[in-house]
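Heads up: the structure comes next, in structure tokens.
The values are calculated or read from the model by the stated rules, or taken from the named source; none is laboratory data. Quick caveat: nothing in here was measured; it's all calculated off a predicted structure. FYI the Cβ positions are ideal-geometry reconstructions off the backbone, even for glycines, and counts take in every protein chain you see. Each accessible area value is taken on the protein alone, full model and side chains, heavy atoms only, with ligands, DNA and RNA left out. Shrake-Rupley method; radii C 1.70, N 1.55, O 1.52, S 1.80 Å.
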Amino acid sequence: MKRFNMIDEDFICEYCGKEVKKLKYTARDHCPFCLFSKHVDINPGDRRNLCKGLLQPIGIEKYKDTFKILYHCNNCGKEHKNVMALDDNVDLIIELSKLN
């Protein structure tokens, strides 16, 4: 079972360059503006992954009462999923849903 480390911090998105603020209700794991993430964790929040590649959003899947964003790492090629945040760009979420 994966262990969750609660690390919620501000950051500058390496893809779009926007300043991203803490989420405050769980750990922020992707940019709400462009939806890109960074391949930094082995287990959620541990920051132990050496890859550090950009995780490109490639799709959406239904998850409980919300959605997960599907990712492809542009560095190592691994697939990854992150739960959608309440402040995510809904227009991009809709565009990603058309890809599935």
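Couple of notes before you dig in:
- Extreme residue, positive dipole direction of the chain, given options 97, 35, 5 (C-beta unit charges): 5
- As a calculated quantity, the FRET efficiency between residue 97 and residue 72 at R0 = 22 Å, using C-beta atoms, amounts to about 0.85.
- Debye-sum result for the chain in log10 I(q)/I(0), which assumes one identical scatterer on each alpha carbon, at q = 0.11, 0.13, 0.16, 0.19 Å⁻¹: -0.29, -0.42, -0.65, -0.95
- When the surface is traced with a 1.4 Å probe over the full set of protein chains, residue 68 keeps roughly 40 Å² accessible.
- Modelled spin labels at residue 6 and residue 81, positioned 7 Å past Cα toward Cβ, are 2.4 nm from each other.
- Annotation for the stretch 3-36: chymotrypsin sites (Phe, Trp or Tyr not before Pro) lying in DSSP loop with at most 14 further Cβ atoms inside 10 Å of their Cβ are 4, 25.
- Unsatisfied cross-links (Cα-Cα over 18 Å) in the set 68/98; 22/52; 52/78; 78/98; 38/62: 22/52; 78/98; 38/62
- The 1.4 Å probe gives accessible areas that order 83, 20, largest first, as 83, 20.
- Highest-MSF residue in the chain out of 21, 81, 62 [GNM, Cα springs under 10 Å]: 62
- Here the spin labels are modelled as points 7 Å beyond Cα on the Cα-Cβ line, and at residue 43 and residue 26 they lie 1.8 nm apart.
- Length-normalised contact order of the chain in % [C-alpha pairs under 8 Å, at least 6 apart]: 21 percent
- Taking every protein chain into account, the accessible area of the chain amounts to 66 square angstrom per residue (probe 1.4 Å).
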